[in-house]
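The values are calculated or read from the model by the stated rules, or taken from the named source; none is laboratory data. Source: prediction; values computed, not measured. Glycine gets a Cβ as well: all are built from the backbone with ideal geometry, and neighbour counts include every protein chain shown. Note: areas computed on protein heavy atoms with side chains; ligands, DNA, RNA excluded. Shrake-Rupley method; radii C 1.70, N 1.55, O 1.52, S 1.80 Å.
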Amino acid sequence: MTDQVTTQEVLTTADGVPLKISLKRAMRKKMITSLLLVTPLFLFILLTFLMPITDMLLRSVDNKIVGELLPRTIPLFSGWDENGQELPGEDIYRAMVEDIKEGAEAKTILRLGRRLNFERSGMSSLFRKSARTIKRIEQPDSYKAAMIKIDKRWGDINLWRLIKRERGSFTNSHFLSAIDRQSNDDGTIGPKPEYKQIYIKLFVRTMTLSLLITFMTVLLGYPISYLLATLPTKISNMLMILVLLPFWTSLLVRTTAWIALLQKEGVINDLMVAIGIISNDHRIVMIHNKTGTILAMTHILLPFMVLPLFSVMKTIPVSYMRAARSLGATRFTAFRRIYLPNSIPGIGAGGILVFILAIGYYITPELVGGVSGTFISNMIAYHIQGSLNWGLGAALGTLLLMLVLALYILYDKIVGIDNMKLG
Amino acid sequence: MAKLPPYTTTGGYIWHYTYLAICGLIFLFLIFPILVIVPLSFNAIPYFSFTEKMLSFDPEGYSLRWYIEFLNSLNWQGAIKNSFIIAIFSTIISTFLGTLAALGLSRPNFPFKTTIMGILISPMVVPLIISAAGMFFFYSRIGLQGTFIGVILAHAALATPFVLITVTATLVGFDRSLTRSAATLGASPTRTFFKITVPLITPGVISGALFAFVTSFDEVVVILFVGSYRQRTIPWQMFSGIREQISPTILAVATILTILSILMLTAMELLRRRNERMRGMAPK
């Protein structure tokens, strides 16, 4: 049977190549063409986007600076037991003096001071002072005694424990800081002092405010999506403009508008004073706090809720509700048992989208959030541009990225990334 | 919904009109903040609120001074120029690369399609602050931080996902039998591409390009990190304006930008209609 098939005449193309092979060849050629078409963008994204993200991820654990600036000291640490009560030996002190001398000449040692200062305050000033005075140490009887004479902090065993702990090329200290933890002097990991615990609170605030904003967009988006989905197309297209115009208007324009509306001398306060709800001296503070962030962001993100919700509601046949009513359901029951369950996918899609967008928001909280309405992203920006603690900024960014990616996986499970609509 | 059936009860009527009123308020919430800045930008005094003269429609309460200030200020002139330079170049890069990739990815059995698509649209997915932080670190390492090239590359990276998605969406409805017919009628692949594929995907490419342009033109987070004063764009200037000395010039700029976005919205709508018409021509 099989023999018969193989001996049968093989179909060939005009130039005598078997059709199967020819087809395969053509398919492969097309495949290569399409691969070649995708490659430039892939490389471009790799270079301009993925490598920067990787850079940030690496920076959150990067600690090469300590090893680079203390090349003599670090290898000697293996000979010192940090769990004992003894200070490091003479050799380590001598290596440290040489490292600081070299670092002072190259003016790099202050960077080390800044790096270690994030772990323990005072390190920056200690290194600055030591760099200035270390020239005096020339062939002393005891390097240890000489250094402690410069600054008695060099005689503090906990300081040496810190340097030994941070000797590696990688550190977990940024991530520990990002979740309000620290390495204690005895090497265990524990919570930071209460007054320094800010990041977990900030993460929680970012999440709760984002949830609240998401809830507000559902609350405001649901009725108008329903209206848009049930009105005749002509009218709903007209009304859709009212949703799309804010969607297309620059984020900064909308944020500016809210500043004009909400500020103390702004439109809403003026209006309320004019009609006598409040007196001129008791203008309500609605901006540079949580209220400002919530109002402005609800407004900015509302279209992202309405558009997916609308497209889901559009697919729910009107006859479902009519059928429920004719079977004796009240208006409310028909809505609760029929329409609402059918529109849940839309709420899910819009909700996750709004939530994801909200937790990464930077501009609006920065401009209208004041102190109580800022998000984790504002802290990331602060560490990159203000405090210059890049490692901590990168660690906070990494945590935020993980959170967003987890939410996207959820979104993909529920809605499918491919269904993402652009309005 | 349009007309209430004759058997509607009084309660039904009340409920219906209450519902419409609520919807009206929500629409007002959406549109009012944008509309309110327009009259405020014609304010004669440097405040963000309506003066009595404005409310009584006294022409003295209104002036064009903030528009004049906007046009005369060197800061803003530079910002306008930079905005266009950066947006145009990043649109060209992202439209070109995005369209090519969309054409490649549209093949039915492309290997690891979902994964590659996921990677390529990742700049849209990752929060801007994180992209900005990463780009700031990486671009300063390779000397692109604070340069036009750096900002253009960054914006192009942010904009390609939009091009990719819009062009891919156009290609999903693309009738492949058209290119096959062209081939059987003897057209070379190149001729088929330019005579059949290009005219059909053009609306998608243009709307993708518009998306890319708007993305760059509106972008404010990444430019704050990757750019510097020399690359200041309109959003950059607005951001620092709002933070430092807030003046109605910002409102004048905002009004102009709103008008631009209305134009953009109209363009998109026209393109969408044209696209639908073209689709209608394709035999199903």
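Within 29 Å of A:GLY393 (Cβ to Cβ), more than 10 Å from chain A (Cβ to nearest Cβ) and buried (at least 19 other Cβ atoms within 10 Å of the Cβ): does that describe B:SER83?
Considered against the rule, which asks whether it is within 29 Å of A:GLY393 (Cβ to Cβ), more than 10 Å from chain A (Cβ to nearest Cβ) and buried (at least 19 other Cβ atoms within 10 Å of the Cβ), B:SER83 comes out as yes.
Which one of these is acidic (Asp, Glu) and in contact (Cβ under 8 Å) with a residue 24 or more places away in the chain: B:GLU219, B:GLU269, B:GLU244, B:GLU276?
Checking each option against the conditions leaves just B:GLU219.
Filter the stretch A:178-201 for residues that are in contact with a Phe, Trp or Tyr (Cβ under 7 Å, 6 or more places away or on another chain) and of a type outside the set (Val, Ile, Thr); which is surrounded by the most Cβ atoms within 10 Å (Cβ to Cβ)?
Filtering the stretch A:178-201 for residues that are in contact with a Phe, Trp or Tyr (Cβ under 7 Å, 6 or more places away or on another chain) and of a type outside the set (Val, Ile, Thr), the one surrounded by the most Cβ atoms within 10 Å (Cβ to Cβ) comes out as A:ALA178.
Select from the stretch A:187-203 the residues that are touching a Lys or Arg at 6+ places or on another chain (Cβ under 8 Å) and outside any strand (DSSP E or B) and write down the one among them that is farthest from A:ILE92 (Cα to Cα).
The qualifying residue farthest from A:ILE92 (Cα to Cα) is A:LYS192.
Scan A:ILE213, A:ILE163 and give me the residue that is in a helix (DSSP H, G or I) and more than 28 Å from A:LEU69 (Cβ to Cβ).
Just one listed residue meets the conditions, A:ILE213.
Among the residues that make up the stretch B:128-140, is at least one of them part of a helix (DSSP H, G or I), open to solvent by 30 Å² or more (accessible area, probe 1.4 Å) and more than 27 Å from B:ASN82 (Cβ to Cβ)?
no
Regarding the stretch B:206-221, can at least one residue be identified that is closer than 18 Å to A:PHE44 by Cβ and of a type in the set (D, E, K, R)?
Yes.
Looking at (1) closer than 18 Å to A:LYS164 by Cβ; (2) at pLDDT 85 or above; (3) open to solvent by less than 70 Å² (accessible area, probe 1.4 Å), which is the one condition that is false for A:THR39?
(1)
Could you grab me the full set of residues in the stretch B:131-158 that are under 21 Å from A:ARG59 (Cα atoms) and either more than 10 Å from every other protein chain (Cβ to nearest Cβ) or not aliphatic (A, V, I, L, M) (or both)?
Correct list: B:SER131, B:GLY134, B:PHE136, B:PHE137, B:PHE138, B:TYR139, B:SER140, B:ARG141, B:GLY143, B:GLN145, B:GLY146, B:GLY150.
List the pairs whose first member sits in the stretch A:396-416 and is more than 23 Å from A:HIS174 (Cβ to Cβ), whose second member is modelled with pLDDT under 95 and open to solvent by 80 Å² or more (accessible area, probe 1.4 Å), and whose Cβ atoms are under 8 Å apart, counting only residues at least 6 apart or on separate chains?
none
Give the residue that is least open to solvent (accessible area, probe 1.4 Å), with candidates limited to residues of the stretch A:42-78 that are of a type in the set (Asp, Glu) and out of contact with any strand residue (DSSP E or B) (no Cβ under 8 Å at 6 or more places or on another chain).
A:ASP55
Only one of (1) surrounded by 24 or more Cβ atoms within 10 Å (Cβ to Cβ); (2) under 23 Å from the mean Cα position of the chain (by Cα); (3) free of Cβ contacts under 8 Å to residues at least 12 places away in the same chain fails for B:LEU158. Which number is that?
Just one mismatch for B:LEU158, condition (3).
Of all residues being within 9 Å of another protein chain (Cβ to nearest Cβ) and either on the phi > 0 side of the Ramachandran plot or assigned to a loop (DSSP other than H, G, I, E, B) (or both) in the stretch B:1-46, which is surrounded by the fewest Cβ atoms within 10 Å (Cβ to Cβ)? Just the residue, please.
B:ALA2
Tell me, which helices (runs of 4 or more DSSP H) wholly within the stretch A:307-423 include 2 or more residues that are aliphatic (A, V, I, L, M) and assigned by TED's automatic domain parsing to the domain that holds A:LEU251?
Of the helices (runs of 4 or more DSSP H) lying wholly inside the stretch A:307-423, those with at least 2 residues that are aliphatic (A, V, I, L, M) and assigned by TED's automatic domain parsing to the domain that holds A:LEU251 span A:318-326, A:340-359, A:363-368, A:376-381, A:390-414.
Counting only residues that are touching a Gly at 6+ places or on another chain (Cβ under 7 Å) and in a helix (DSSP H, G or I), which one in the stretch A:289-302 is surrounded by the most Cβ atoms within 10 Å (Cβ to Cβ)?
Selected residue: A:THR293.
Looking at B:TRP66 and the list (1) surrounded by 16 or more Cβ atoms within 10 Å (Cβ to Cβ); (2) without any contact (Cβ under 8 Å) to a residue 24 or more places away in the chain, which single condition is not satisfied?
(2)
So if I check each of B:ILE152, B:ILE242, which one is modelled with pLDDT of 95 or more and under 22 Å from the mean Cα position of the chain (by Cα)?
Going through B:ILE152, B:ILE242 in turn, the sole match is B:ILE152.
Would you mind stating whether B:PHE194 is open to solvent by 10 Å² or more (accessible area, probe 1.4 Å) and in contact (Cβ under 8 Å) with a residue 12 or more places away in the chain?
Against the criterion (open to solvent by 10 Å² or more (accessible area, probe 1.4 Å) and in contact (Cβ under 8 Å) with a residue 12 or more places away in the chain), B:PHE194 does not qualify.
If B:GLU60 passes every condition in (1) in contact (Cβ under 8 Å) with a residue 12 or more places away in the chain; (2) surrounded by 15 or more Cβ atoms within 10 Å (Cβ to Cβ); (3) away from every other protein chain (no Cβ under 12 Å) but one, which one does it miss?
(2)
Take A:SER279 and decide whether it is without any contact (Cβ under 8 Å) to a residue 24 or more places away in the chain, assigned by TED's automatic domain parsing to the domain that holds A:LEU211, out of contact with any His (no Cβ under 7 Å at 6 or more places or on another chain) and of a type in the set (S, T, N, Q).
yes
Taking the conditions exactly as written (in the same structural domain as A:LEU357 (by TED's automatic domain parsing), in contact (Cβ under 8 Å) with a residue 40 or more places away in the chain and buried (at least 22 other Cβ atoms within 10 Å of the Cβ)), does A:LEU252 satisfy them or not?
yes
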